[in-house]
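Structure first, commentary second.
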Amino acid sequence: MRLHLQIWRQENSSAPGRLVKYTLDDVSGDSSFLEMLDLLNEQLVGKGEVPVVFEHDCREGICGACGVMINGQAHGPSARTATCQLHMRTFKDGDTIQIEPWRSVAFPVIRDLMVDRTSMDRIVQAGGFISVRTGSAPEANLTPVPKGDSDEAFDAAACIGCGACVAQCPNGAAQLFTSAKVGHLNILPQGQPERYQRAAGMVARMEAEGFGSCSNYRECEAVCPKGISVDWIARMNRDFLLARLKGL
Amino acid sequence: MEMVATSRPANWFLAFYRSALGKKTVMALTGIVLFGFVFMHMAGNLKIFMGAEAFNHYAEFLRAAGEPILPHGVGLWMFRLVLLTCVALHITAATQLTLQNRRARPIAYKCLDPVQLGYAERTMRWSGYLMGIYIIYHLLHFTVGTAHRDFIAVNPYHNVISAFQFWPVAAVYIVANLLLGMHLYHGLWSLFQTLGCNHPRYNPWRRVFAVTFSIVVTAGFLSVPIAVLSGLVS
Ligand code: HEM
Ligand code: FES
């Protein structure tokens, strides 16, 4: 199929960017969105032009590197699908596709579609871990975990940190990401000793990074490739409020 | 763990309010107070269907609230003070959060296509600020009386009927209360999330609660201007 692309091109974080139009022929419906961009880049390189920079790694929806805005939606129109797993058969011959980078003050554009998401790493560094002596693995049955809790913790831990929640949120809030990272530990016995410091510390870091505030719009949940629920946001809010009441 | 200070800050509330989640909590708590008020206010308004005497007697009861512990009218004023404080906090926090959210995305998308965002959610700020203006008008209209063409201080029943018989005034009230209904539709659900009230057993009821009370409050308020316009009450 033939596609009309409008892609955000930007030299570096301080240069002004703009949408550039490309027409791409012979795109297979079986290719992925990133393979479509590969095809474009091959042609650009062939013509001696600078290829479009976009981030990717696993190409199987588990690393979180690949997100872009596709026609105004994070990771494009398919639910629970990362950009790398989006099939081109989602589009029709002759479609126009607009591609922009995630937009947030905390995600500066590095080049074209690639943004710097280390702000999310700093949120995790502010409490997204448990302080235990590592070494040889502990006895597996030492800390019993209720089955329901371990399942739920796993749901939250499925977050791949792609940043789609921030990108889609009209407020640019990072609540879904942060709450998943707070929640998967706060629901487990191993996370209890630092539960309230974790909530207070990670929320403080999140706000210091310049992310917006949550208006409970649930756009984040709608675009999350892992289907993380906004229930985690309520749980984080509760732990944050309790932390503050405890004077943390 | 690298963590926040563990000692209680000098002014606990200010430190709490400095955080965006703190501001949002204040919005939720003041929202609950305001909702409690609008619900009682709506229920009280329905007394208009019981005639002039019942309605005016109810209004006099409000002025006498707290007597004999408090002098006449003081109870009502304390109540008003609490409400005005809540409105002020609610609007201040809403404004600060809105500005913060603007700063969070300095470069706008060429195209942002919300997936499931509803009308009430999109218009929280519009419905909020328009209600703020409406509240001022409403107070000048029925409480102070300066915005009323034929105000009789001791006869609220007369004030309501004569106001709504002029259709543009009734229209303002109808629109304002539809805005209130939309605001409550999102707000009454949202506050549970904000305050961390989340449990699989009662999560579905949060939406039921929000829909029921936004409809009940709106329908109750709207019934008065509609009844006057249609001549049902005169
Ligand atoms: C009768 C008056 C009002 C009632 C009962 C009311 C109630 C509520 C409630 C319950 C919420 C949800 C809070 C939460 O999400 O935790 C809310 C949110 C909100 N209110 Fe009001 N409100 C009233 C007046 C106003 C006014 C005058 C404004 C003017 C600015 C306003 C602006 C907002 C905004 C912008 C939000 C959403 C905040 C956010 O999610 O970021 N409200 N309101
Ligand atoms: S490239 Fe790893 S999730 Fe898409």
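Restricting attention to region A:206-248, the residues that are charged (D, E, K, R) and within 16 Å of ligand 2 (Cβ to nearest atom) total 1.
Of all residues in region A:4-28 being of a type in the set (Gly, Ala, Ser) and in contact with a strand residue (DSSP E or B) (Cβ under 6 Å, 6 or more places away or on another chain), which is surrounded by the fewest Cβ atoms within 10 Å (Cβ to Cβ)? Top of the filtered list is A:Ser13.
Would you be able to tell me the number of residues in region A:53-75 that are more than 13 Å from A:Trp102 (Cβ to Cβ) and more than 9 Å from ligand 2 (Cβ to nearest atom)?
The total comes to 2.
Note on region B:149-180: residues that are among the hydrophobic types (A, V, I, L, M, F, W, C) and open to solvent by 30 Å² or more (accessible area, probe 1.4 Å) total 12. Taken as a whole, the condition of being under 30 Å from B:Leu21 (Cβ atoms) and of a type in the set (A, V, I, L, M) applies to B:Ala94. Applying a threshold of 8 Å to beta carbon distances and a minimum spacing of six or more residues, or different chains, the list of pairs starting in region A:105-117 at a residue that is under 14 Å from A:Gly64 (Cα atoms) and ending at one that is open to solvent by 40 Å² or more (accessible area, probe 1.4 Å) and of a type in the set (S, T, N, Q) reads A:Asp116/A:Ser13. Sub-8 Å Cβ pairs linking a first residue in region A:80-100 that is in contact (Cβ under 8 Å) with a residue 12 or more places away in the chain and in a loop (DSSP other than H, G, I, E, B) to a second residue that is polar (S, T, N, Q) and away from ligand 1 (no atom under 16 Å from the Cβ), at least 6 apart or interchain, are A:Leu86/A:Ser32; A:Leu86/A:Ser78, ordered by first then second residue. Scanning region A:111-139 for residues that are open to solvent by 90 Å² or more (accessible area, probe 1.4 Å) and within 18 Å of the chain's Cα centre (by Cα) gives A:Arg122, A:Gln125.
Results for (1) open to solvent by 20 Å² or more (accessible area, probe 1.4 Å); (2) of a type in the set (D, E, K, R); (3) in a helix (DSSP H, G or I); (4) more than 23 Å from A:Gly61 (Cβ to Cβ), shown as yes or no for each residue.
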position: A:Asn141; (1), (2), (3), (4): yes, no, no, yes
position: A:Asp155; (1), (2), (3), (4): yes, yes, yes, no
position: A:Leu176; (1), (2), (3), (4): no, no, yes, no
position: A:Gln197; (1), (2), (3), (4): yes, no, yes, yes
position: A:Cys214; (1), (2), (3), (4): yes, no, no, yes
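Only one of the numbered conditions (1) surrounded by fewer than 16 Cβ atoms within 10 Å (Cβ to Cβ); (2) in a helix (DSSP H, G or I) is violated by A:Cys165, and that is (1). Residues in region B:44-85 that are within 16 Å of ligand 1 (Cβ to nearest atom) and either open to solvent by less than 50 Å² (accessible area, probe 1.4 Å) or under 14 Å from B:Val160 (Cα atoms) (or both): 3 in all. In region B:99-123, what count of residues is obtained for those that are more than 9 Å from chain A (Cβ to nearest Cβ) and surrounded by 17 or more Cβ atoms within 10 Å (Cβ to Cβ)? Qualifying residue count, region B:99-123: 1.
If the condition is being open to solvent by 50 Å² or more (accessible area, probe 1.4 Å) and under 21 Å from the mean Cα position of the chain (by Cα), then region A:29-54 contributes only A:Glu35.
Considering only region B:207-221, I want to know if a residue exists there that is under 27 Å from A:Val230 (Cα atoms), surrounded by fewer than 14 Cβ atoms within 10 Å (Cβ to Cβ) and within 14 Å of another protein chain (Cβ to nearest Cβ). Within region B:207-221, one or more residues are under 27 Å from A:Val230 (Cα atoms), surrounded by fewer than 14 Cβ atoms within 10 Å (Cβ to Cβ) and within 14 Å of another protein chain (Cβ to nearest Cβ).
The values are calculated or read from the model by the stated rules, or taken from the named source; none is laboratory data. Every value quoted in this text rests on a predicted model; they were computed, and no experiment measured them. Quick reminder, even Gly has a Cβ in these numbers, built from the backbone with ideal geometry, and neighbours come from all protein chains shown. Ligands, DNA and RNA are excluded from the accessible area calculation, which covers all protein heavy atoms including side chains. Shrake-Rupley method; radii C 1.70, N 1.55, O 1.52, S 1.80 Å.
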